[in-house]
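See structure below.
The values are calculated or read from the model by the stated rules, or taken from the named source; none is laboratory data. This structure is a prediction, so every number in the text was calculated from the model and none was measured. Note that each Cβ is placed from the backbone with ideal geometry, even for glycine, and that neighbours are counted across all protein chains shown. For the accessible areas, the whole protein counts, side chains as well, though only heavy atoms, and no ligand, DNA or RNA atoms are used. Shrake-Rupley method; radii C 1.70, N 1.55, O 1.52, S 1.80 Å.
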Amino acid sequence: MPRLVAQSPEFAGQSFDLSGPEITVGRVADNKIQVEHASVSGHHAILKLDALDYVIRDLDSTNGTRVNGERVSEQKLRRNDVVRLGNIELLYDSEHAPPGRPMPNPSQRVNLAECSSNGRPAEFVNASPVTKRAKGSGNKIWTLILVVLGLLAVAGIGYFVWVVFLTPTSVS
């Protein structure tokens, strides 16, 4: 049996079984499902049975009706849809699963021998925001690093020679 399960903290744990061809939802007591909350209109929405599941229709409510975040005037509900009436969220639960996607036609086969050797289509474009380095640019960086280290080594040896051999020492 389909039902609406409250998700909002104000009504946590409450569920409303859906039975019958039409179910009205709103804040006032004459609705089949009464949701006493200031954001819910007096007569907020109506649920109509369509085959095995319900269709929800907004009754020109002040704060609107949303299904899975989208404002709707009328929407067929499917299992696990989140229905929002004003600020109150309800989960639509039904034992009827939505129809799945059809399987691909097994008679359509792909000849893998026709694929190119690099494994990607000719029109493939790299979508990465990081650009690929040009070949050989890494060698230039390492060459620069080695030159700088070599200059530092020569400068260090020169300083050592100057301090040890060329600086006059005073003997007392």
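If you scan the stretch 102-134, which residues turn out to be part of a loop (DSSP other than H, G, I, E, B) and either of a type in the set (S, T, N, Q) or at pLDDT below 65 (or both)? Across the stretch 102-134, the qualifying residues are Asn105, Ser107, Gln108, Asn111, Cys115, Ser116, Ser117, Asn118, Gly119, Asn126, Ser128, Thr131. Whenever a residue of the stretch 131-156 is open to solvent by less than 60 Å² (accessible area, probe 1.4 Å), it has no partner that is modelled with pLDDT of 95 or more and not hydroxyl-bearing (Ser, Thr, Tyr) lying with C-beta atoms less than 8 angstrom away and at least six residues away or across chains. Residue check: is Glu10 over 17 Å from Glu95 (Cβ atoms), in contact with a strand residue (DSSP E or B) (Cβ under 9 Å, 6 or more places away or on another chain) and either modelled with pLDDT of 95 or more or open to solvent by 90 Å² or more (accessible area, probe 1.4 Å) (or both)? It is true that Glu10 is over 17 Å from Glu95 (Cβ atoms), in contact with a strand residue (DSSP E or B) (Cβ under 9 Å, 6 or more places away or on another chain) and either modelled with pLDDT of 95 or more or open to solvent by 90 Å² or more (accessible area, probe 1.4 Å) (or both).
Comparison of Thr24, Thr62 shows that the only residue that is farther than 21 Å from Met1 by Cα and among the β-branched types (Val, Ile, Thr) is Thr62. Quickly run through the stretch 18-55 and pick out the residues that are under 31 Å from the mean Cα position of the chain (by Cα) and over 20 Å from Glu74 (Cα atoms). Residue satisfying the conditions is His37 alone.
Listed conditions (1) open to solvent by 30 Å² or more (accessible area, probe 1.4 Å); (2) touching an Asp or Glu at 6+ places or on another chain (Cβ under 7 Å); (3) within 16 Å of Ser94 (Cα to Cα) are all met by Val55, apart from (1). Restricting attention to the stretch 1-51, the residues that are among the β-branched types (Val, Ile, Thr) and either outside any strand (DSSP E or B) or in contact with a helix residue (DSSP H, G or I) (Cβ under 8 Å, 6 or more places away or on another chain) (or both) add up to 3.
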